[in-house]
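These notes are about the structure you will find just below.
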Amino acid sequence: MRSCDVIVIGSGIGGLTAAALLARYGKRVIVCESHTIPGGAAHSFRRRGFEFDSGPSFYCGLTSAESLNPVKQVFDVLGESLEAVPYDPFGHYHFPEASFGVYGNAERYRQEIAKITPQGAKEFKRFEERLLPLYDAMKGIPTLALRADWQVIPVLVGRYLPSLLKMLPHLLLVQASVGNVMDATVQDPWVRRLIDLECFLLSGLKAHGTIAPEVAFMLGERSHASVEYPVGGSGAIVKALVRGLERWGGQLLLGCHVEQILVNSGKVFGVQLTNGEILKAPIVISNASIWDTYTKLLHPDDLPPSYRKVALDTPVVDSFMHLHLGIRAEGLENLTGHHVVVHDASNDITVAGNTCMISIPSVWDATLAPEGHHVVHAYTLEPYAGWERNAEYEQKKREKAQTLYRALERIIPDIRERVVLELIGTPLTHAYYLRRYRGSYGPAIEARKGMFPGCHTPIRGLYRVGDSTMPGIGVPAVAASGILCANTLL
């Protein structure tokens, strides 16, 4: 029977961040990962010489000294770094009526908007001017200084009082939705749809469901820190965190599935693995989702019934269809890396298959694909309900992938003739490989309609990190969750 100070269940970005920081500060840490590849939803995988991102594909501020990205702050503490390739425009949006570049440079972006709606561009500037002061106020308080309990108050007052005072005029904005800001600044219907799209790409919800600090952070990072892609893909971020964990004495166990969190008299004392082995620790951190933690890793009677019910009733963002392709690259010398395609303007952007995200990272890092080829990752929302591994499964996969192929044809008209490798992922794929409840990318908690639960649980010694603890679907949010949890324990 092995023992340590902290056991972390899952090697997603949140779990690795918490584990690496705790190891850095002297704790004996073991990370248990069910998969044979670390990284959770951010892991990468290789097939026939093509390196694919499984999830995140867009990054800001991984190397910039000006960045507020929590990942950069964690790397600095761990003594790790990344090589990254900056680029601008960072993508193109393709509506049925127009395609345009999306620039990190705010003035360039407004010029693109003005080509479609001059009045809308002026209103978008007012929208930015309302949100960016909140980003400026955030600059003085690094995420690495925060924790998830009342003791954050003396830390903020003692060390960051000037920045805290700078934040005071924006306190109402901290809890506001982006929709509130949009309603006060933007009337142009096209720009309102654009803002809804920006929010949807960031949080999985439209403007009225997304909290304002998320978009303030996004706009600020795009314009102040560099938009860049990590050399080696999302897996490079994971490898850097694993290096940091192991450099400071932490342990990562792959293919190590936790069957149960062990609780006695309301307190954690370890975990049991599927092979029957027990690992003992007074602290357990779950990087599994809120639903998987409370239904699969704990007995129902380990939690107060009312708390458990409220937690399990948390609304869920749909799962995804994924299309991973290896394609021939000849004739595509002017290809850019990120695209978002909206098929039908009369349909809501959140309708399954209507909004498709495309990443072609070999545009920036040629090592991700064999010479003369590109690697492509396209994905779109898809509900989990109705998917079964039955006789119709393969046919349904191909039918559902057609919306992604049609989106890709907006960028590469002859894409189907170029394919040399095709992998189609469904919500079942997502649920199986990531051990995610219904294959979801996280909670759909709308602004002003609920709060994210944070890292604490009613069980002494049990903490949680990941996308069901912090608002915002993406690497910065889950990294921040790991920081807050680690700092709270320290």
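Here, each number is a calculation from the coordinates, and none is a lab measurement. On a predicted model such as this, the values are computed, not experimentally measured, just so you know. Note: ideal-geometry Cβ built from the backbone for every residue, glycine included; neighbour counts use all protein chains shown.
Taking the inverse of the mean 1/r over every pair of distinct Cα atoms in the range 120-225 gives a Kirkwood hydrodynamic radius of 14.5 Å.
The lysine pair count for the range 120-225, using Cα distances under 25 Å and pairs eight or more places apart or on different chains, is 5. Over the chain, Cα pairs under 8 Å with separation of 6+ residues give a relative contact order of 24 percent.
Available extension along the chain between E107 and M1 is 32.1 nm, counting 0.36 nm per residue and deducting the alpha carbon span. Could you compute the FRET efficiency for A366 and E409, with r as their C-beta to C-beta distance and R0 at 22 Å, rounded to 0.05? After rounding, the FRET efficiency stands at 0.40. An oblate overall shape is assigned to the range 258-364, the ratio a/c of its alpha-carbon gyration tensor axes (a ≥ b ≥ c) being 1.5 or greater and a/b not exceeding b/c. If you look at the Cα atoms of the range 60-185, you get an Rg and a Dmax of 18.0, 53 Å.
Listed values for the range 203-209 are Karplus-derived 3J(HN,Hα) couplings in whole Hz (6.51 cos²θ - 1.76 cosθ + 1.60, θ = phi - 60°), namely 10, x, 10, 7, 4, 6, x, and x replaces Gly and Pro.
Eigen-decomposition of the gyration tensor built on the alpha-carbon atoms of the chain gives equivalent ellipsoid semi-axes of 34, 28, 22 angstrom, largest listed first.
Sorted on the mean count of surrounding Cβ atoms within 10 Å across their residues, most packed first, peptides 400-408, 210-218, 12-20 read 12-20, 210-218, 400-408. One way to sum up the overall shape of the range 1-90 is the equivalent ellipsoid from its Cα gyration tensor, whose semi-axes run 26, 20, 9 Å, largest first. When both bridge partners sit in the chain, DSSP labels roughly 70% of those beta bridges antiparallel. The order of the peptides 152-158, 356-362, 260-266, 127-133 by mean Cβ neighbours within 10 Å, most packed first, is 356-362, 127-133, 260-266, 152-158. Take 376-382, 476-482, 197-203 and order them by the average number of nearby Cβ atoms within 10 Å per residue, most first; the result is 476-482, 376-382, 197-203. Here, the range 319-437 yields an orientationally averaged convex hull projection of 8.1 nm² when only Cα atoms define the hull. Put a dot 7 Å past the Cα of V152, heading toward its Cβ, do the same for E66, and the two dots end up 2.6 nm apart.
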